[in-house]
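For reference, the structure discussed in these notes is given below.
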Amino acid sequence: MSSLTTLQKLEILADAAKYDASCASSGTAKRNSLGGKGIGSTEGMGICHAYAPDGRCISLLKILLTNHCVFDCHYCVNRKSSNVRRARFTPQEVVDLTLSFYRRNYIEGLFLSSGIVKSSSHTMEQLVEVARILREEHDFRGYIHLKTIPEADPQLVHQAGLYADRVSINVELPTDAGLVRLAPDKSARQIEGAMGKLRSDIVEAKDARKRFRHAPRFAPAGQSTQMIVGADAATDADIVGKASRLYDNFRLRRVYYSAFSPIPDASAVLPLKRPPLIREHRLYQSDWLMRFYGYQPAEVMQATEADGMLPLDIDPKLAWALKFREAFPVDVNRAGREQLLRVPGLGVKAVQRILASRRHRTLRLDDVARLTQSIAKVRPFICTLDWRPVTLTDRADLRALLAPRQEQLELFAA
Ligand code: SF4
């Protein structure tokens, strides 16, 4: 191991981190180094992106401290029984890399995770040490996202929150049975216990800052988690249910869904095929329905088909609308925001524009067309001054009319 250069370690440990999608840098406190104070900033753009093997850009600022691990989670390329090249950074090496990349404007901060070496607490200590050196010794003002380890000493996890903008604990799998089967060293109780502790620390810190201006910040960008989709038999309804419980119980900023991607030397208990990537996309759409469109989790579940899966050919909002046609058409000149948000094809911005425009005039179909991206999708579900869909909303073939047409790509197109 000692013979590896920093560059070789970086190659191994940046590559090993690419399977973790939960590293978006949104929602933190604004900090910058204007006035010559400190170094770094949480604002602006960096070149913080990485590519998963299937070609998706899943953002960056991320490396592992080490890809050695004493655990044996079947879906993980770094599990102890995996035959991959191993490497390990010291905390100081991670600090040096972060600062030198930052100074060159390559990154806007750091996303740091790790395999578990020696013990969970020992690993957590090393992760915290990186953040401590950056913040205390270098007055680093950039973004830090630390992946915390639920089995570690809670005191160390607490310290992580004092240095990091965001902390996350991966819930890993949607069901407890899936966790027992695919991550035998992990415990759902411990993961949720650690999330609960982080939640109360975040709430307490916010409360303290309301009363004392100088009270320390604690994970100002909150906590997030990641769920692997398609590695076990959990349905989309199971996943939506789990996500909504996590949002409710732990006030998570985000739940990330990561389609299980086959890894080298995959364990025999994993499915042979990856789930279609569009499934991950549909889950993100369902997540948005709950967070921004006012849908209850039970309503999102109603959009699933008999097997508990969201349809892949149409988005979950359209799937819901097609099942509950009695809620339509919606009069765009009279309906409230909540009702308008239910119309397939109307996003949050389009609804805002409609609400603003109708203060000045009664809207016609052409007006709505100008405010939306695709009037064809919206038409069966609305009425305007000059438009009423009559039987269109009830047509048996409405789904076929609205589903995006499948097209065979040209094999030899330039
Ligand atoms: S503990 Fe983390 S790094 Fe180790 S095998 Fe499990 S998922 Fe991979």
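The values are calculated or read from the model by the stated rules, or taken from the named source; none is laboratory data. This one's a predicted model, so the numbers in the text were calculated from it and none came from an experiment. Every residue, glycine as well, gets a Cβ built from its backbone with ideal geometry; the counts of neighbours run over all protein chains shown. What goes into the accessible areas is simple: the full protein's heavy atoms, side chains included, and nothing from ligands, DNA or RNA. Shrake-Rupley method; radii C 1.70, N 1.55, O 1.52, S 1.80 Å.
I need every pair where a residue in segment 391-414 that is of a type in the set (Ser, Thr, Tyr) has its Cβ under 7 Å from the Cβ of a residue that is at pLDDT 85 or above and in a helix (DSSP H, G or I), sequence separation at least 6 or different chains.
As it stands, the answer is Thr393/Arg325; Thr393/Pro380; Thr393/Phe381, since those pairs meet every condition given.
Residues Ala215, Ala221, Ala205, Ala234: which one is under 24 Å from Ile133 (Cα atoms), in contact with a Leu (Cβ under 9 Å, 6 or more places away or on another chain) and either more than 16 Å from the ligand (Cβ to nearest atom) or not small (Gly, Ala, Ser) (or both)?
Matching residue, one of Ala215, Ala221, Ala205, Ala234: Ala205.
Listed here are the residues, each with its yes/no results for (1) more than 20 Å from the chain's Cα centre (by Cα); (2) more than 26 Å from Asn170 (Cβ to Cβ).
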| site | (1), (2) |
| --- | --- |
| Arg253 | no, no |
| Tyr257 | no, no |
| Lys273 | yes, no |
| Ile314 | yes, yes |
| Ala321 | yes, yes |
| Phe324 | yes, yes |
| Asp331 | yes, yes |
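Considering only residues that are part of a loop (DSSP other than H, G, I, E, B), open to solvent by less than 10 Å² (accessible area, probe 1.4 Å) and either away from the ligand (no atom under 13 Å from the Cβ) or within 25 Å of Asn32 (Cβ to Cβ) (or both), which ones fall in segment 110-167?
Gly142, Ala164, Asp165
Looking at segment 173-201, I want the residues that are farther than 13 Å from Ile149 by Cβ and more than 16 Å from the ligand (Cβ to nearest atom) and have a partner that is among the β-branched types (Val, Ile, Thr) and at pLDDT below 95 with Cβ atoms under 8 Å, at least 6 apart or on another chain. Which pairs are those?
Close Cβ pairs (under 8 Å, with a partner that is among the β-branched types (Val, Ile, Thr) and at pLDDT below 95) amount to Glu192/Val171.
Of the conditions (1) over 30 Å from Ala268 (Cβ atoms); (2) among the hydrophobic types (A, V, I, L, M, F, W, C); (3) touching a residue at least 24 places away in the same chain (Cβ under 8 Å), Cys76 clears all except one; give me its number.
Of (1) over 30 Å from Ala268 (Cβ atoms); (2) among the hydrophobic types (A, V, I, L, M, F, W, C); (3) touching a residue at least 24 places away in the same chain (Cβ under 8 Å), only one is false for Cys76: (1).
With the requirement that a residue be more than 23 Å from Gln352 (Cα to Cα), open to solvent by 50 Å² or more (accessible area, probe 1.4 Å) and hydrophobic (A, V, I, L, M, F, W, C), what does segment 367-406 give you?
Val390, Ala396, Ala400, Leu401
Among the residues of segment 279-304, how many are in contact with an Asp or Glu (Cβ under 9 Å, 6 or more places away or on another chain), open to solvent by 30 Å² or more (accessible area, probe 1.4 Å) and either over 20 Å from Val348 (Cβ atoms) or of a type in the set (S, T, N, Q) (or both)?
Residues in segment 279-304 being in contact with an Asp or Glu (Cβ under 9 Å, 6 or more places away or on another chain), open to solvent by 30 Å² or more (accessible area, probe 1.4 Å) and either over 20 Å from Val348 (Cβ atoms) or of a type in the set (S, T, N, Q) (or both): 2 in total.
Take Ser82 and tell me if it is within 14 Å of the ligand (Cβ to nearest atom) and of a type in the set (Ser, Thr, Tyr).
yes
Just checking, does segment 50-70 include any residue being at pLDDT below 65, more than 24 Å from Leu134 (Cβ to Cβ) and either of a type in the set (Gly, Ala, Ser) or open to solvent by less than 40 Å² (accessible area, probe 1.4 Å) (or both)?
Yes, the conditions are met somewhere in segment 50-70.
Enumerate the helices (runs of 4 or more DSSP H) found wholly within segment 168-266, keeping only those where 2 or more residues are open to solvent by 10 Å² or more (accessible area, probe 1.4 Å) and in contact with a Phe, Trp or Tyr (Cβ under 8 Å, 6 or more places away or on another chain).
By residue number, 188-211.
When you scan segment 270-289, do you find a residue that is in contact with a Pro (Cβ under 7 Å, 6 or more places away or on another chain) and not in a helix (DSSP H, G or I), even just one?
Among the residues of segment 270-289, at least one is in contact with a Pro (Cβ under 7 Å, 6 or more places away or on another chain) and not in a helix (DSSP H, G or I), which makes the answer yes.
Taking only pairs six or more apart or across chains, which ones have beta-carbon atoms under 8 Å, a first residue in segment 137-151 that is at positive phi, and a second residue that is surrounded by fewer than 24 Cβ atoms within 10 Å (Cβ to Cβ)?
Asp139/Lys37; Asp139/Gly38; Asp139/Ile39
Just one of Tyr284, Tyr256, Tyr295 is under 30 Å from Asp165 (Cβ atoms) and touching a helix residue (DSSP H, G or I) at 6+ places or on another chain (Cβ under 7 Å); which is it?
Of Tyr284, Tyr256, Tyr295, the one residue that is under 30 Å from Asp165 (Cβ atoms) and touching a helix residue (DSSP H, G or I) at 6+ places or on another chain (Cβ under 7 Å) is Tyr295.
If you go through segment 321-344, how many residues are in a loop (DSSP other than H, G, I, E, B), touching a residue at least 24 places away in the same chain (Cβ under 8 Å) and farther than 21 Å from Glu305 by Cβ?
Residues that pass the stated criteria total 4.
Output the number of the condition that Asp248 fails; it satisfies all remaining conditions of (1) without any contact (Cβ under 8 Å) to a residue 12 or more places away in the chain; (2) over 24 Å from Leu341 (Cβ atoms); (3) not basic (Lys, Arg).
Unmet for Asp248, out of (1) without any contact (Cβ under 8 Å) to a residue 12 or more places away in the chain; (2) over 24 Å from Leu341 (Cβ atoms); (3) not basic (Lys, Arg): (2).
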